[in-house]
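Input: one structure, supplied below.
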Amino acid sequence: MKTTSESRAGRASLMVAHCAGMVDLVALPVWVGVLISGYGLDPQQAGGLATLFLVGAVCASLFVAPRSARLPARATAAGGFAVAALAFGAVGLVNDYAAMAVLHVVAGLAAATALSVTHAAIGGSGNPHRLFALVGFALGVFGILFMGGVPKLVASLGAPALFWSFCGIMAVAACVAALAFPTARAVDSGAQHTAGRLPRAVWLAAIGVSCMGLVQAMIFAFVERIGAERGFDGAAVAGVLIALGFVNLLPAPLAAFLQKRVNPRTVLVCGPVVQAALALLMTQSQAFLPYAAAAACFAAVMILTHTFAFGLLATLDPSGRAVGATPAMLMTGAAIGPILGGTVVKLSGYPSLGLAAAAIAICAVVCFLPSRADRAVLSPS
């Protein structure tokens, strides 16, 4: 069956693939928390395993993105998710740290291979911003289901149940991709092979996305642990993570609504500032309500800003190379985040995470500032 990114089956497949490939954006607090509480690892070791998954993801995306137009998209997506399912299933069967580390790398390589062709297909659609908002909404729904179900499975069956859940998610994505992943892209074939250097604005936007990904992973990985360290009730903290999933439903439709009404650069410049403010509130507050409000809204800022960044990159680089590499952009920062956050916590405690986030946010804002070259292209019409 031939499908495109504009068909219902194609869009549904891209939604499932995006959710599976971006599982870290939803699962990181539970992931790191289970590694600490269920496997007895310290924050640095737990963050290191998540980082290894993301390092593998970055390497795969950097390799796949320039070649995405020449790869068999359906086979690549289905095969990538299938290998990731096997790797995560194996993590649930071992306790040796070295074996877990190798399997995390394999899972990251495989999942990001599939995610890169997914994002390339989205970037080749008629309206990349709108389609990315749609898959972002699907990620919000997936987050609610994940947070509502997986922690209960872990509590009932033990820590390995987290990785068996990841295995199941990747297996479903592999089956859906094999049946309905888009086999044709709507973008002009000539644009796919545009040669030459990427514009400077693309590289700056990529660095900005990486900075936001770094802050997202550095703080988000320890949301559950911050609550536990402050002595907040475990059920209340779990409720915050579920509420976070509902809040994550809002940024995607908001991004679609604002597409023609707001200059993307406005959103991109404001995003890191809001992200840093929430990080400071979460890490400095000793009261539950400020912590809960900041935690519930934290991931939504990244989802909204990332949607506008994706649309910006698709506009600045019609060849599709930049959007195919968005997993690398996002996960380069995200790969550093868990181990950097774990190291900061180990050396200086949780309040220092917010200060580090504020410093990184300044770098992101500088990268996202509009350049003279793209103001005319990106003005809302």
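Taken together, the values in this text are just the output of simple stated rules run on the coordinates, not laboratory data. Bear in mind the structure is a predicted one, so any value in this text is a computation, not a measurement. Glycine gets a Cβ as well: all are built from the backbone with ideal geometry, and neighbour counts include every protein chain shown.
With springs only between Cα atoms under 10 Å apart, run a GNM on the chain and tell me which of Thr51, Thr183, Thr76 wobbles the most.
The residue with the greatest mean-square fluctuation here is Thr183.
With the Cα gyration tensor of the chain in hand, convert its eigenvalues to equivalent ellipsoid semi-axes via √(5λ) and list them largest first in whole Å. Write out the running numbers ahead of the final one.
Numbers: eigenvalues 185, 123, 63 Å².
So the three semi-axes of the chain are 30, 25, 18 Å.
Turning to a different aspect of this structure: Using the alpha-carbon centroid of each, what span in Å lies between region 289-365 and region 11-27?
Value for the Cα centre distance between the two parts: 17 Å.
So if R0 is 45 Å, what FRET efficiency would Arg70 and Phe246 give, r being the distance between their Cβ atoms, rounded to the nearest 0.05? Each step should come with its number before you reach the end.
Working: r = 40 Å, r/R0 = 0.90.
Taking R0 as 45 Å, the efficiency between Arg70 and Phe246 is 0.65.
Would you order Trp31, Trp203, Trp164 from fewest to most other beta-carbon atoms within 10 Å of each residue's own beta-carbon?
Numbers: Trp31 24, Trp203 14, Trp164 19.
So the residues, fewest neighbours to most, are Trp203, Trp164, Trp31.
Could you work out the relative contact order of the chain? I mean the mean sequence separation of Cα pairs under 8 Å and 6+ apart, divided by the number of residues, in percent. Before the final figure, lay out each step's value.
Numbers: 732 pairs, mean separation 112.1, N = 381.
Rounded, it is 29 percent for the chain.
Under the classification rounded if a/c is under 1.5, otherwise prolate if a/b is larger than b/c and oblate if not, where does region 89-248 fall, given a ≥ b ≥ c as square roots of the Cα gyration tensor eigenvalues?
Details: a/c = 1.86, a/b = 1.60, b/c = 1.16.
Taking the square roots of the gyration eigenvalues as a ≥ b ≥ c, region 89-248 is prolate.
Let me ask something additional. Work out, step by step, the length gained on full extension between Ala235 and Val366: first 0.36 nm times the residue separation, then minus their alpha carbon distance; give nm to one decimal. Display every interim value, and only then the final one.
Numbers: separation 131, 0.36 × 131 = 47.16 nm, distance 3.95 nm.
Extra length from Ala235 to Val366 when fully extended: 43.2 nm.
When the dipole is taken about the Cα centre of region 8-378, and only Lys, Arg (+1) and Asp, Glu (-1) are charged at their Cβ, what size is it in debye, to the nearest 20?
Working: 19 positive and 9 negative charges, 228 e Å.
Magnitude of the dipole: close to 1100 debye.
A follow-up question, please. In nm, what is the difference between 0.36 nm times the number of residues separating Leu93 and Leu347 and their Cα-Cα distance? Provide the component values of the computation, followed by the final result.
Details: separation 254, 0.36 × 254 = 91.44 nm, distance 3.19 nm.
Extra length from Leu93 to Leu347 when fully extended: 88.2 nm.
Sort out for me the Cα centre separation of region 38-80 from region 214-288, rounded to whole Å.
Each part reduced to its Cα centre gives a spacing of 23 Å.
Students often get this wrong: which residues of region 265-288 have the backbone nitrogen under 15 Å from the point 7 angstrom along Cα-to-C-beta of Leu355?
280-281, 283-285
Taking only complete DSSP H runs, can you tell me which helices of the chain stretch 24 Å or more along their own long axis by Cα positions and average at least -1.0 on the Kyte-Doolittle scale?
What comes out of the filter, once short or polar helices are dropped, is 43-64, 73-91, 97-123, 128-157, 160-180, 200-220, 264-284, 288-316, 326-348, 351-368.
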